[in-house]
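Notes follow the structure.
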Amino acid sequence: MDFVNIQLNDKIATLTLSNPSKLNALSKGLVDELIQALQICSENKIIVVLLKAKENKNNVWSAGHDIHELPEGRRDPLSFFDAIEVLLHEVQGFSGPVIAVVRGSVWGAACDLIMTCDMVFADNTSSFAITPAKIGIPYNVTGIMHFINRVGLNRAKEMFFTANPVDAETAEDWGIINHLFPKDELDDKVFEIAKQICQNSPLAVGVIKEQFHYLSETCVSMPPVLFERISGLRRKVYDSHDYLEGIRAFKEKRKPTYLGE
């Protein structure tokens, strides 16, 4: 694989995002390899997956979506079958816990990936930002629910509306991070936790994980008409001037000029 390194250690697998020159951005190539890596883990009856990222000089765990791959209007950038959405379903559907191990900053869709993981362990250099509002992207319902389920409604709104990074200490307080460890102890501590999980019944752990997933989704009951309205509202954004402006401004490395239309 070009963008993901796989290390199998008995019943524990470590998957490492490895495209530091692109700040481990979630390009289709990297995401497809990550999906393939999870399938390899399933075939090898892995119980716990540790998700890491190769360090880079900018100290970014992942920059999120590869903006250059987003459509320039007239198509939903976050549709059900797009690569990153498929990846999030694969993480949720994996038979055992997927644990994010975070050093550095996490941006955009990578933050959604973190929220989708079963647990998050990090060091003091970590921070978390969800940034679709910065570039005019209408986020989807399932993605927003990942944040509401993890941090609650008020904090999810703050993260989405401001797009400001949440530092490590605050992230631990908000429940984004399960535990905050010193940088030089992080890997050992996480591996100890993974080994402890592997001592339990993998069948029970897998069934409990699936129950958590279903229960977290039953808190929302929405009539079909509201789903249709949300789809229409999101299309209003990705068909807009502001969506195109946000994408182009990012590519041109300038501040966007939004018109609200």
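Residues that are closer than 30 Å to E185 by Cα, among the small types (G, A, S) and over 10 Å from the mean Cα position of the chain (by Cα) within segment 63-116 comprise A63, G93, S95, G96, G104, S105, listed in sequence order.
If you check G152, G175, G206 for being surrounded by fewer than 17 Cβ atoms within 10 Å (Cβ to Cβ) and under 17 Å from L113 (Cβ atoms), only one passes: G175. Quick one: in segment 17-38, of everything that is more than 15 Å from the chain's Cα centre (by Cα) and free of Cβ contacts under 8 Å to residues at least 40 places away in the same chain, which residue is surrounded by the fewest Cβ atoms within 10 Å (Cβ to Cβ)? Per the criteria, the residue is S21.
For segment 127-147, the count of residues that are out of contact with any helix residue (DSSP H, G or I) (no Cβ under 7 Å at 6 or more places or on another chain) and part of a strand (DSSP E or B) is zero.
Flag set for V60, criterion: more than 24 Å from V141 (Cα to Cα), buried (at least 16 other Cβ atoms within 10 Å of the Cβ), of a type in the set (V, I, T) and in contact (Cβ under 8 Å) with a residue 24 or more places away in the chain.
Inspect all residues belonging to segment 7-16 and state whether any of them is touching a helix residue (DSSP H, G or I) at 6+ places or on another chain (Cβ under 6 Å), over 19 Å from P202 (Cβ atoms) and surrounded by 15 or more Cβ atoms within 10 Å (Cβ to Cβ). Among the residues of segment 7-16, not one is touching a helix residue (DSSP H, G or I) at 6+ places or on another chain (Cβ under 6 Å), over 19 Å from P202 (Cβ atoms) and surrounded by 15 or more Cβ atoms within 10 Å (Cβ to Cβ), which makes the answer no. Count, please, the residues in segment 127-145 that happen to be in contact (Cβ under 8 Å) with a residue 40 or more places away in the chain and more than 20 Å from K236 (Cα to Cα). Number of matching residues: 3.
Bear in mind that the values in this text are calculations on the coordinates, not laboratory data. Bear in mind the structure is a predicted one, so any value in this text is a computation, not a measurement. Cβ coordinates were reconstructed from backbone atoms using ideal geometry, including for glycine residues, and neighbour counts include every protein chain displayed.
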